[in-house]
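Visitor: Below is one structure. I have some questions about it.
The values are calculated or read from the model by the stated rules, or taken from the named source; none is laboratory data. These numbers were taken from a predicted model, which means no experiment stands behind them. Cβ atoms come from the backbone with ideal geometry, glycine included; neighbour counts cover every protein chain shown. Calculation scope for accessible area: heavy atoms of the full protein, side chains included, ligands and nucleic acids excluded. Shrake-Rupley method; radii C 1.70, N 1.55, O 1.52, S 1.80 Å.
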Amino acid sequence: MPLPVRYIAPLVLLMLALAGLVLYWQWPAIPASPPVAPMAERSAVAAPAAVALPAPVAVQPLPAQAQPLVPGMADTEVDGELKTDRAGNLQLGLGVRDYFDYFLSAVDQVGLDRSVEALLADAGSRLQEPALGQLIGLLGDYLDYKRASLALMQQPLSAQQQSQPQAQLATLQQAFDSLAQLRRAHFSSAAVEALFGAEEAYARYTLDNLALLARDDLGDQAKAQAQERLRSQLPEALRASEERQQQALAQQAESDRLWREGASEEQVRQSLALAYDPPTVERVLTEQRNDRAWRQRYGAYRQELAGLQDSGLSSADRQQEQQRLRQRLFSAAELHRVDTYDAIAAKEQEGAGSQP
């Protein structure tokens, strides 16, 4: 049973989450760093809020870098949050992972050595011992985990895993389980919960939801009730986010219906006003207007592209004409989106061609 279109986006997000954030295809050696706190000290790193902890007394603000790591980071603020408790121990949280990822996002531009050097220099200006040593030890674990997760995600997929919905779900579930095990092999249970807990909770919810939708033995009402039970098991913040997402999807579906039926922009505006305040209504309308115009241009592009296939031109000449067509219809900033839609169209054609 094919997956509903409304769940393609969550599926893609899940796959991206499983793949991790910035991963180099070949990580160089980690530069020498200050002594790492002993394991006994590292185990004292504060756990998430669910564990009783001393009240935090120090939160290190992360202002914009005076000397950006790379030009593209100029005028940006260092992402993340570093907290310590009363004893000076580092408090674990998603902000620490964001802090790591901010610096590691420059790996593809300046290399791992410079990225880590910049991170250590910045952390040294914010933290004292024992928190600094704990952060450095955690960074070593994080880099080892990144290497291992990259190797895991580079495993090739079979044609069946790529094309059959049930096989896709099984593959995603296996990837999720493998990644969860990998995290627990590199981090303590407190660190896993602090750094990856929210991501794993939503990934598990998405997988369970996709498996539910693929069932043929349940009717729509039973599926809706089961979906509500799954949603109720999410942490409160994630549940609120999911509810907002479902509301936005429902409103988008209603807007799409109105546009298809030839409704005027004022009618769509009145429909949006039932769910959003006036500024949001105008923003959503602008987004929908721009998206509809883009889809019309992309449709014209696909039609002209189909004409090139029957033009009798050589393969090289067709490619040149396709490039001219892309440059005429789209801006440079839009070409990435064109590539994405072209890849989806090619996949759909491939699937249609393999049908008996």
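Visitor: Among Asp98, Asp79, Asp108, Asp144, which is open to solvent by 60 Å² or more (accessible area, probe 1.4 Å), without any contact (Cβ under 8 Å) to a residue 40 or more places away in the chain and within 22 Å of the chain's Cα centre (by Cα)?
Guide: Step by step, each of Asp98, Asp79, Asp108, Asp144 is checked, and only Asp79 is open to solvent by 60 Å² or more (accessible area, probe 1.4 Å), without any contact (Cβ under 8 Å) to a residue 40 or more places away in the chain and within 22 Å of the chain's Cα centre (by Cα).
Visitor: Condition test on Asp113, is it assigned to a helix (DSSP H, G or I), open to solvent by 30 Å² or more (accessible area, probe 1.4 Å), within 22 Å of Ala198 (Cα to Cα) and of a type outside the set (A, V, I, L, M)?
Guide: So Asp113 does not fit the description; no.
Visitor: Going through the range 297-312 one residue at a time, which ones are in a loop (DSSP other than H, G, I, E, B) and either in contact with a strand residue (DSSP E or B) (Cβ under 7 Å, 6 or more places away or on another chain) or at pLDDT 80 or above (or both)?
Guide: None; the set is empty.
Visitor: Further, regarding this structure: Suppose the filter is modelled with pLDDT of 90 or more and over 21 Å from the mean Cα position of the chain (by Cα); does Leu119 pass it?
Guide: yes
Visitor: Among the residues of the range 175-217, count how many are buried (at least 17 other Cβ atoms within 10 Å of the Cβ), in contact with a helix residue (DSSP H, G or I) (Cβ under 7 Å, 6 or more places away or on another chain) and polar (S, T, N, Q).
Guide: Total meeting the criteria: 2.
Visitor: Only one of (1) surrounded by fewer than 12 Cβ atoms within 10 Å (Cβ to Cβ); (2) assigned to a helix (DSSP H, G or I); (3) over 31 Å from the mean Cα position of the chain (by Cα) fails for Asp317. Which number is that?
Guide: Every condition holds for Asp317 apart from (1).
Visitor: What's the number of the condition Gln247 fails, among (1) open to solvent by 60 Å² or more (accessible area, probe 1.4 Å); (2) in contact (Cβ under 8 Å) with a residue 24 or more places away in the chain; (3) over 30 Å from Gln227 (Cα atoms)?
Guide: Gln247 satisfies all of (1) open to solvent by 60 Å² or more (accessible area, probe 1.4 Å); (2) in contact (Cβ under 8 Å) with a residue 24 or more places away in the chain; (3) over 30 Å from Gln227 (Cα atoms) except (3).
Visitor: Surrounded by 12 or more Cβ atoms within 10 Å (Cβ to Cβ), farther than 23 Å from Tyr341 by Cβ and not acidic (Asp, Glu): does that describe Tyr301?
Guide: no
Visitor: Cβ-Cβ distance below 7 Å, separation of 6 or more or different chains: which pairs start in the range 325-336 with a residue that is within 16 Å of Gln303 (Cα to Cα) and end on one that is part of a helix (DSSP H, G or I) and of a type in the set (A, V, I, L, M)?
Guide: Listed pairs, sorted by first residue: Leu325/Leu305; Arg326/Leu335; Arg326/Val338; Leu329/Ala300; Phe330/Val338.
Visitor: I'm checking my understanding of the structure. Among residues of the range 262-321 that are among the acidic types (Asp, Glu) and out of contact with any Leu (no Cβ under 8 Å at 6 or more places or on another chain), which one is farthest from Gln251 (Cα to Cα)?
Guide: So, considering only residues that are among the acidic types (Asp, Glu) and out of contact with any Leu (no Cβ under 8 Å at 6 or more places or on another chain), the one farthest from Gln251 (Cα to Cα) is Asp317.
Visitor: Of all residues in the range 116-126, how many are hydrophobic (A, V, I, L, M, F, W, C) and open to solvent by 10 Å² or more (accessible area, probe 1.4 Å)?
Guide: 3
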